[in-house]
């Protein structure tokens, strides 16, 4: 039986924000709100979940004693409550003096294999705050994020969904890249997405590489080539499937590239691959009407007019 206070969420005599303020003024109401997540009424169930999520962000120490309650919500049959719990647990990581999150690490990251994109997205999107709160778990978290390309396809996890997840993973890795041990592995993961057909993923990957690959942390900074020789003798190497090519490039660009330590051959080769990939994709779209129609679905209206994930306050920013 719901209390009169929580019942107000069903008839809108009290808003979620008003309930949040009441709890902040009187934390003796917290157990009542926690019990509200078990309500049979959706307005109470999800209203309480939202209030608890906001509280965990603002005053995590108040919710920390109830960590096991949120861990139990990971198994809720209501996905929104599951997503709320993921964010709450991540918020509590910074006050986790007893290592409660460490004990459920594998369970938390097992949701990377979930069939729903939003569930996986919440794990990935919350990873940055967990890593910053628990630096000793950084490499372990990075290992999990670098495996998102291997997520299996499901009716709720399309190739486009996987691109969204990869974008979230890069954003999370960006938050603690300077503390990751296997930086080359991360750079390799990000580079794979610079040719993505998803514009925002492509831009996120490119911005990451501009920030870190070309200006890496001090402990991994390559020594720039600063010698000014009138002639530089090329190194003779036996490379299969390589063709010797003469290019005319602006002299100042060449000098700046050398100072920054760029490999001009590799840079040109990667850019050429990128241009060819884009050109091929355009040709394919022009040649196939059916391909164009298949691409329209992502921007089209959803036949299921439920609130979006972001409207439901479940995707971490």
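The values are calculated or read from the model by the stated rules, or taken from the named source; none is laboratory data. From a predicted model like this one, the values you see are computed outputs, not experimental measurements. Every residue, glycine among them, receives a Cβ derived from its backbone with ideal geometry; neighbour counts consider all protein chains shown.
Can you list the helices (runs of 4 or more DSSP H) lying wholly within the range 147-212 that have 2 or more residues being within 12 Å of the chain's Cα centre (by Cα) and assigned by TED's automatic domain parsing to the domain that holds residue 121?
159-176, 199-212
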Checking the condition surrounded by fewer than 18 Cβ atoms within 10 Å (Cβ to Cβ) and either within 23 Å of residue 39 (Cβ to Cβ) or modelled with pLDDT of 95 or more (or both), which residue from 102, 114 passes? 102
Positions within the range 54-78 being in contact with a helix residue (DSSP H, G or I) (Cβ under 9 Å, 6 or more places away or on another chain) and not in a helix (DSSP H, G or I), in sequence order: 59, 74, 75, 76, 78
Picking from 120, 124, which residue would you name as being in contact with a strand residue (DSSP E or B) (Cβ under 8 Å, 6 or more places away or on another chain) and not assigned by TED's automatic domain parsing to the domain that holds residue 41? 120
Could you grab the pairs with beta carbons closer than 9 Å, sequence gap of 6+ or different chains, first residue in the range 31-42 and under 8 Å from residue 6 (Cβ atoms) and in the same structural domain as residue 63 (by TED's automatic domain parsing), second one at pLDDT below 95 and in a loop (DSSP other than H, G, I, E, B)? 32/3; 36/2; 36/3; 39/2
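Mind checking which residues of the range 14-28 are part of a loop (DSSP other than H, G, I, E, B) and closer than 16 Å to residue 46 by Cα? Break it down stepwise before answering.
Within the range 14-28, the subset part of a loop (DSSP other than H, G, I, E, B) is 14-15, 26.
14, 15, listed by residue number.
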Condition check for residue 81: part of a helix (DSSP H, G or I) and more than 20 Å from residue 120 (Cα to Cα): no
If I filter the range 176-188 for residues that are surrounded by 14 or more Cβ atoms within 10 Å (Cβ to Cβ), within 21 Å of residue 86 (Cβ to Cβ) and touching a residue at least 24 places away in the same chain (Cβ under 8 Å), do I get at least one hit? yes
Mind listing whichever residues of the range 147-157 are touching a helix residue (DSSP H, G or I) at 6+ places or on another chain (Cβ under 8 Å) and either surrounded by fewer than 18 Cβ atoms within 10 Å (Cβ to Cβ) or closer than 14 Å to residue 171 by Cβ (or both)? 147, 148, 149, 152, 153, 156
If you scan the range 29-53, which residues turn out to be surrounded by 22 or more Cβ atoms within 10 Å (Cβ to Cβ) and not in a helix (DSSP H, G or I)? 37
As an exercise: evaluate residue 4 against (1) touching a helix residue (DSSP H, G or I) at 6+ places or on another chain (Cβ under 8 Å); (2) at pLDDT below 95 and give the number of the one condition it does not meet. (1)
